[in-house]
Amino acid sequence: MMQWVITVVLALTACATVEPPPPAGVHDTDALLAMLDERGDELETLTADVTLTRIDMLSGLETTRSGKLYLDERGDTALFRVSLGDKVEEGNTFPGTATDFILRGNVLEERDHGAKRIIYRKLAEEGETVDLFALGTGPLPLPIGQDPVEVKKVFTIADVADPAEGPEGLPTLALEPKPEQELSKRFVAVELWIDPALKMPRQVIVVGVDDIQTLVLDNVVINQDIAGENFNIEAPDQAEWEIRDE
């Protein structure tokens, strides 16, 4: 009798469905948020090739710009520049439409070479720290160095709609602004494909109210020396450029 009971128990055990344990380490939501926060804390310099694509929700028009990102936080004042080349719309390149974003103290300069227009945006008061990686602040949607506790106050953590839209094999994370948050008026979701080796996103898709933006980073180099000349740009001829503050 005892042998029969043991046999039945073993058979039932073999047939039972055992759920696999949840992925550990970098695939855990809290670990991913901590990883992005650590990257910001540990970051001294950063260079990367960037591609920024925007799809207008109303017209469906797709615009792509490619360029370079430079960041140097080793000094008393952070140096930051994003240079985006001529825009490409539906396969057509428009020469002379490059754009530069340059941080000067607490002011971000946007220089539109095609329109010959410069806009200065004050990002913080004198003496305050500028966080270019806070969503909605800088020119690129690259949320690193953000306190996970604060992130969870503003966003609901969700799954990426389609992981296949980004680099294969990378853990993903989606952030959806909570309805009561100001960001919900501008963004629907921010989807991240995170490279554990770099501790930062390799692709970010921002689903906005009016558009969808996709940022892709390649050839990322972290905490290596950067030549100061990468942050230099000629002073504009004020007679030829429209210059305004916002």
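Is the C-alpha gyration tensor of region 196-246 telling us rounded, prolate or oblate? Criteria: a/c under 1.5 is rounded; beyond that, a/b larger than b/c is prolate, otherwise oblate. Taking the square roots of the gyration eigenvalues as a ≥ b ≥ c, region 196-246 is oblate.
Comparing Gly208, Gly91, Gly40 in a Gaussian network model of the chain, where Cα atoms under 10 Å apart are tied by springs, the biggest mean-square fluctuation is seen for Gly91.
Label sites at Met57 and Ala115, each approximated as a point 7 angstrom past Cα along Cα to Cβ, lie 2.1 nm apart. With respect to the chain, whose longest principal axis is taken over its alpha-carbon atoms, helix 29-42 is tilted by about 40°. Each residue, Glu165 and Lys152, gets one label point 7 Å from its Cα in the Cβ direction; the gap between the two is 2.6 nm.
Report the rotationally averaged projected area of the chain based on its alpha-carbon convex hull, in square nanometres.
Over all viewing directions, the chain projects a mean Cα-hull area of 19.3 nm².
The overall shape of region 26-111, judged from the alpha-carbon gyration tensor, is oblate: a/c is not under 1.5, and a/b is no greater than b/c. How much of the calculated P(r) for region 175-218 lies past 16 Å, in percent of all Cα pairs? That fraction is 42 percent. Other residues within the sphere of radius under 15 Å centred on the Cβ of Leu61, judged by their own Cβ, net out at -3 (K and R +1, D and E -1).
Bin width 5 Å, origin at 0, all Cα-Cα pairs of region 116-241: what percent of pairs per bin? Histogram of Cα-Cα distances, whole percents per bin: 2, 9, 15, 19, 18, 14, 11, 7, 3, 1, 0.
Estimated at 0.36 nm per residue, the fully extended path between Asn92 and Ile233 surpasses their Cα-Cα distance by 48.1 nm.
What is the Cα centroid distance between region 138-155 and region 206-235, reported in whole angstrom? First find each Cα centre; the distance between them is then 17 Å.
Between Glu128, Glu42, Glu73, the Gaussian network model of the chain with springs among Cα atoms under 10 angstrom shows the greatest mean-square fluctuation at Glu128.
What does the helix-only formula give at 222 nm for the chain: each DSSP H stretch with n ≥ 4 adding -39500 (n - 2.57), the total divided by the residues, and the result rounded to the nearest 500 deg cm²/dmol?
That comes out to -4500 deg cm²/dmol.
Sorted into 5 angstrom bins from 0, the C-alpha pair distances of region 139-180 split as 5, 18, 23, 26, 19, 7, 1 percent. Of Ile233, Ile212, Ile119, which is the most mobile in a GNM of the chain whose springs link Cα atoms less than 10 angstrom apart? Among Ile233, Ile212, Ile119, the largest mean-square fluctuation in the Gaussian network model of the chain belongs to Ile233. Across the alpha-carbon set of region 100-141, the Rg to Rh ratio works out to 0.99, Rh being the Kirkwood radius. Taking trypsin sites (Lys or Arg not before Pro) in DSSP loop states with no more than 15 other Cβ atoms inside 10 Å as exposed sites, the chain has its longest site-free stretch at 1-73.
Using a ≥ b ≥ c from the Cα gyration tensor of region 60-180 (square roots of the eigenvalues), is it rounded, prolate or oblate, where a/c under 1.5 gives rounded and otherwise the larger of a/b and b/c decides, a/b for prolate? Taking the square roots of the gyration eigenvalues as a ≥ b ≥ c, region 60-180 is oblate. Only lysine pairs 8 or more places apart or on separate chains count here, and in region 101-241 those with Cα atoms under 30 Å apart total 13. Quick check: the angle from helix 2-15's long axis to the longest principal axis of the chain, C-alpha only, nearest 10 degrees? In the chain, helix 2-15 runs at an angle near 20 degrees to the longest axis.
List the relative contact order of region 118-246 as a percent without decimals, with contacts defined as Cα pairs under 8 Å and 6+ residues apart. Don't skip to the end; give the middle numbers.
Working: 165 pairs, mean separation 27.4, N = 129.
After rounding, I find 21 percent.
Each reported figure results from applying straightforward, stated rules to the coordinates on display, with no laboratory input. What you see is a predicted model; the values in this text were computed from it and never measured. Note: ideal-geometry Cβ built from the backbone for every residue, glycine included; neighbour counts use all protein chains shown.
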